[in-house]
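So the structure is just underneath, and the comments pick up after that.
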Amino acid sequence: MSEQINPVTFDAERVRADFPILNQEVNGHPLVYLDNAATTQKPRAVIQAIVDYYEHDNSNVHRGAHALADRATEKFEGARVKVANFINAPQARQVIWTRGTTEGINLVASSWGRSNLKAGDRILVSAMEHHSNIVPWQLIAEEKGASVEPVPVLEDGSIDLDAFAAMLDERVRLVACGHVSNALGTINPVQDVVRMAHAVGALALIDGAQAVGHWAVDVQALDCDFYVFSSHKLFGPTGLGVLYGKESLLDAMPPYQGGGEMIESVSFAGTTFNQLPYKFEAGTPDIAGVIGLGAAVDYLQSMDRAGAAVHEAALLSYAEERAKATPGIRIVGTAQQKTSVMSFLLEGAHPNDVGLLLDQQGVAVRTGNHCAQPIMEQFGISGTVRASFSFYNTRADVDRLFEALDKARQFLV
Amino acid sequence: MSRFGTEITSDDIVDTLSFFDNWEDRYKYIIDLGKELPPLDEARRTEDNLVRGCQSQVWLVSDARDGKLFFEADSDAFIVKGLLAVVLAAYNAKTPQEVSDFDVEAYFAELNLLKHLSVTRGNGLRAMVTRIQGTAAAS
């Protein structure tokens, strides 16, 4: 069978030109940005949308009785519709703006958890979760006398579905699982996780922070109860995130924070709350950020995303091929299904030293435990060097990474 | 006991680093300084002696003898260990008064080194300096 996908329509060099930040020197070398799992860079269209908003439309949303407020509101709510379409949410009101993935998880843990959990209930999280998908559950579990238990991860960094199946019983109330591991790049079989959770009557929250930047996520196909992600990992501004939830669940959940916008009427005799999504959006939101995210979604919708995914997969396999050909590199996380993340160790060298020496050569990577200490502990390491690729990276970037690693080795090994 | 603060002074380090005109030589020198720093006994690598705020693990131990403070430090990362040596060159085998009087900001500025380190790593070094200064203040 011949190749079905034609990557020719995707041109990384052309896309790269949309990202002004990439065109700079760092420490005397052209920047090679390989820290996309930490945050993605912003295309000019996003930056311009934010500038336009502040230059022309800045106003508070929903309540002003003037033209600027109308324009701001229209763009703000327009972005909600764009994001809802982007993740295939049935309705825009199921898209709730948060400050980020972390706040989305805290919102569910606090609001749903406080009104639903009781002593003896169990919450399962995969052992490879980011701390932000562990600690909020521990906080509410402690308050309610519930427990948070890790679902084991296999040697290759994939979730142990058999062990997961064995852990499930009717006391499990919620399963929280990353769509993609930030530390390892593993793509988890979240459709299975959701189905298995539902089979025992548990809810499933999927942390999509590391997924949304790589392919089109469909929350209805996943059938997850909650899906959370951050704008800044989707080529949008920092400080903004999305919580998607099933409508019946969101409707039944009590407000998370009190304030303006989230109320219907306030009196000292009793306050009633606004409808979705405003019930969960107390205070003036990040209007510019939302509009910027809307522009990021437009940008992604206008590109050949399937081609971009093929390009990213090719970058990862090229990088892994070069890693295998380089003595002393150990890749951490070798699951079959991975995003374009290569977490690794240079044997005999501390990841922080490697990161510093790469930075001196203009190569930006992340080093450390990636806010995922439990999985690092399981692998018996304190951290890794993580090179994470996006569609604007090129084979030349991979070459620069390995040149820089060769030099780092001369210093350290 | 390490030679830092006695045979190798902060002035020596500033002088040597000022000779180098590329990052490779500067970093090689820093790493070499780290190699001169004697490793800390496993038994002293305790939770109490761990300095918080460092991405890599940093241990710091202090002793007071004859009116002077003696510091030993270690890290699992080479470059950080080199930077520890740089700090100890300023503070080891000094009186509490000398430790308190030392202008560490001026030293770091003169080394022109911290700007090459990210804020988090810089903070780790600062956490160690804060601990050393605290030891001197409590002496």
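Every number in this text was worked out from the coordinates using simple rules, so none of it is lab data. Since the model is a prediction, treat every value here as computed from it, not as a measurement. Counting neighbours? That spans all protein chains shown, and the Cβs are built from the backbone with ideal geometry, glycine included.
Quick notes on this one:
- Stretching the chain fully between A:D156 and A:Q48 yields a gain of 34.7 nm (0.36 nm per residue, less the alpha carbon separation).
- Listed by chain and number, the aspartates and glutamates whose C-alpha is less than 12 Å from the C-alpha of A:K144, apart from same-chain residues fewer than 8 away, are A:D121.
- Shape class for region B:1-100: oblate, because the ratio a/c of the largest to smallest gyration tensor axis (alpha-carbon atoms, square roots of eigenvalues) is 1.5 or more and b/c is at least a/b.
- Proximal lysines to A:K324, defined as alpha-carbon separation beneath 24 angstrom and excluding residues fewer than eight positions away on the same chain: A:K338, A:K407
- In Hz, Karplus ³J(HN,Hα) per residue of region A:294-308 (6.51, -1.76, 1.60; θ = phi - 60°; x = Gly, Pro): x, 5, 5, 5, 4, 4, 5, 5, 7, 9, 7, 5, 5, x, 4
- In region A:115-159, GluC sites (Glu not before Pro) in a DSSP loop with at most 13 other beta-carbon atoms within 10 Å: A:E155
- Estimated [θ] at 222 nm from DSSP helical runs (n ≥ 4, -39500 (n - 2.57)) normalised by residues in chain B, nearest 500: -16000 deg cm²/dmol
- Annotation: amide H-H contacts under 5 Å for A:V180 (H modelled 1.01 Å from N, sequence separation of 5 or more, or interchain): A:N188, A:Q210, A:A211.
- A simple spin-label model places pseudo-atoms 7 Å from Cα toward Cβ; at B:A138 and A:N27 they are separated by 3.6 nm.
- Mean residue ellipticity at 222 nm, helices only, chain A: -11000 deg cm²/dmol; runs of at least 4 DSSP H residues each add -39,500 (n - 2.57), and the sum is divided by the number of residues.
- Cα centroid of region A:300-335 to Cα centroid of region A:148-193, whole Å: 23 Å
- Label positions at A:L139 and A:T238, each projected 7 Å from the Cα along the C-beta direction, are separated by 2.0 nm.
- Rounded if a/c under 1.5, otherwise prolate or oblate - region A:47-301, Cα gyration tensor axes: oblate
- Between B:T46 and A:A314, the FRET efficiency from the beta-carbon distance, with R0 = 51 Å, is close to 0.60.
- In this structure, the residue pairs whose Cα-Cα separation is over 26 Å, taken from A:K42/B:K81; A:K82/A:K279; A:K42/A:K246; A:K75/A:K279; A:K118/A:K233, are A:K42/B:K81; A:K42/A:K246; A:K118/A:K233.
- Here the relative contact order of chain A, from alpha carbon pairs under 8 Å that lie six or more residues apart, stands at 23 percent.
- Spacing of the two label points (7 Å from each Cα toward its C-beta) at A:D298 and A:Q373, in nm: 4.4 nm
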